[in-house]
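The values are calculated or read from the model by the stated rules, or taken from the named source; none is laboratory data. Treat the numbers as computed from the prediction; the structure is a model and nothing was measured. Positions of Cβ are generated from backbone atoms using ideal geometry, with glycine treated the same way; all protein chains shown enter the neighbour counts.
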Amino acid sequence: MSNPKFTEILLTNADFLKPFAINLTRDTEAANDLYQDTLYKALANQEKYNEGTNIKAWLFTIMRNIFINNYRRKAKQKTIFDNTPNDYLLNQKQVIVNNAAESDLRIKEINKAIQQLPEIFKTPFLLYFDGYKYNEIAEVLIEPLGTIKSRIHFARKLLKEQISRF
């Protein structure tokens with residue numbers, strides 16, 4: 001397909017992209033940027049377009065892929081803007097200092113709550129907590145798989161109630 005013919009087809013079928021861009025971005029400025037990026041990428045890759053295929057679907061796919069790639073790129077950056085007049089970019093990495101004493105107390109409380117569980121719930125829960133799979137626990141305790149799953153579920157439920165009291 002010749003370059004002027006492709007450009008003509010592209011421009012006659014590009015108006016439907018603007019509402020789609022606004023729907024994706026929820027921002028008119030970002031939508032305009034996405035629209036322009038889509039048209040640019042379509043022009044740059046016009047040799048990949050097969051004449052006679054649905055150009056709207058091709059353009060939709062290009063726009064959607066650009067949007068997804070931009071979204072993933074922004075998610076990886078994890079930067080925040082400082083609204084001071086200088087508009088510096090700050091890395092979001094923050095140093096978190098753990099309080100070992102508080103963590104140790106919390107772990108002791110959790111272990112105490114586990115030990116207070118009825119034996120029927122405690123044994124399957126501890127095996128599951130140690131990394132065994134449901135079917136392995138069922139074989140060890142010689143119980144049906146559904147029984148093991150429900151006992152572990154109830155153990156979690158009881159622990160959640162106990163720990164929320166602290």
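Things worth noting here:
- From the options TYR49, TYR35, residue that is touching a residue at least 24 places away in the same chain (Cβ under 8 Å) and within 17 Å of GLU8 (Cβ to Cβ): TYR49
- Candidate set from segment 2-57 (those that are surrounded by 15 or more Cβ atoms within 10 Å (Cβ to Cβ) and aromatic (Phe, Trp, Tyr)); member that is modelled with the highest pLDDT: TYR35
- Helices (runs of 4 or more DSSP H) lying entirely in segment 16-82 (those with 3 or more residues that are farther than 30 Å from PRO4 by Cα): 55-77
- Number of positions in segment 77-129 that are among the basic types (Lys, Arg) and modelled with pLDDT under 75: 2
- Taking residues in segment 1-23 that are within 17 Å of MET63 (Cβ to Cβ), and partners anywhere that are surrounded by fewer than 16 Cβ atoms within 10 Å (Cβ to Cβ) and basic (Lys, Arg), the pairs with Cβ atoms closer than 8 Å and at least 6 places apart or on different chains are ASN13/LYS56; PHE16/LYS56.
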